[in-house]
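To start, the structure itself, in structure tokens.
The values are calculated or read from the model by the stated rules, or taken from the named source; none is laboratory data. Computed from a predicted model, the values in this text were never measured in an experiment. Neighbour counts are summed over all protein chains in view; Cβ atoms, including those assigned to glycine, are modelled from backbone coordinates with ideal geometry.
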Amino acid sequence: MEPDDMIEWTPFRLFTRESLFNIERRIAEEEAAKAPTESDDEDDDLDEPSQHEENLRPNPKLEASRKLPPSLEDYPPEFVGKPLEDLDEYYHNQKTFVVLNKDKLIFRFSATNAIFLLSPFNPIRRVAIYILVHPYPFCSVLS
């Protein structure tokens, strides 16, 4: 058995610069696909969404501030407090990532620059996110 065969598929993937690049690429592809159809449909008064857009809705089980569904509760402990690619297919073309805490709660964040300066990969932002999702209140530690 080869090493690649032993790796089990998991929906949990770390959010990396490559992940952000892939999201930006998908957004650009969708905009490019919409551009020719919009120019052709200028005469039409009906703005009907495509079949794919019509059926795609956020998964209520994967909403922010909810616990992971039982089917996803077994995730590697090394992913606690770290940015992961969004689990919900609805957000595959939006700049978002999720962070899970020890209580298996989902926190969803924007992957755009915070305060126009801090990218999702900035160490200051990562520490702030880790503190935010930590179950123990740091305010009582500081006082």
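Inspection of the range 74-85 finds a residue satisfying the criterion of being aromatic (Phe, Trp, Tyr), closer than 30 Å to residue 136 by Cβ and modelled with pLDDT under 90.
If the condition is being out of contact with any strand residue (DSSP E or B) (no Cβ under 7 Å at 6 or more places or on another chain) and aromatic (Phe, Trp, Tyr), then the range 77-92 contributes 90, 91. Being loosely packed, with under 10 Cβ neighbours inside 10 Å and either within 12 Å of the chain's Cα centre (by Cα) or modelled with pLDDT under 90 (or both) is true of residue 42. For the range 69-95, the candidate set comprises residues that are in contact (Cβ under 8 Å) with a residue 40 or more places away in the chain and out of contact with any Phe, Trp or Tyr (no Cβ under 6 Å at 6 or more places or on another chain); within that set, the residue that is surrounded by the most Cβ atoms within 10 Å (Cβ to Cβ) is 87.
Residue 121 - would you say it is surrounded by 13 or more Cβ atoms within 10 Å (Cβ to Cβ) and outside any loop (DSSP other than H, G, I, E, B)? Spelling it out, it is not the case that residue 121 is surrounded by 13 or more Cβ atoms within 10 Å (Cβ to Cβ) and outside any loop (DSSP other than H, G, I, E, B).
Put simply, of 10, 112 the only residue that is at pLDDT below 90, within 25 Å of residue 133 (Cβ to Cβ), out of contact with any helix residue (DSSP H, G or I) (no Cβ under 7 Å at 6 or more places or on another chain) and assigned to a loop (DSSP other than H, G, I, E, B) is 10. Condition (residue is more than 17 Å from residue 13 (Cα to Cα), modelled with pLDDT of 90 or more and among the small types (Gly, Ala, Ser)) applied to the range 122-136: is it met by at least one residue? There is at least one residue in the range 122-136 that is more than 17 Å from residue 13 (Cα to Cα), modelled with pLDDT of 90 or more and among the small types (Gly, Ala, Ser).
What number of residues within the range 89-109 satisfy the criterion of being within 15 Å of residue 19 (Cα to Cα) and assigned to a helix (DSSP H, G or I)? So the answer is 2.
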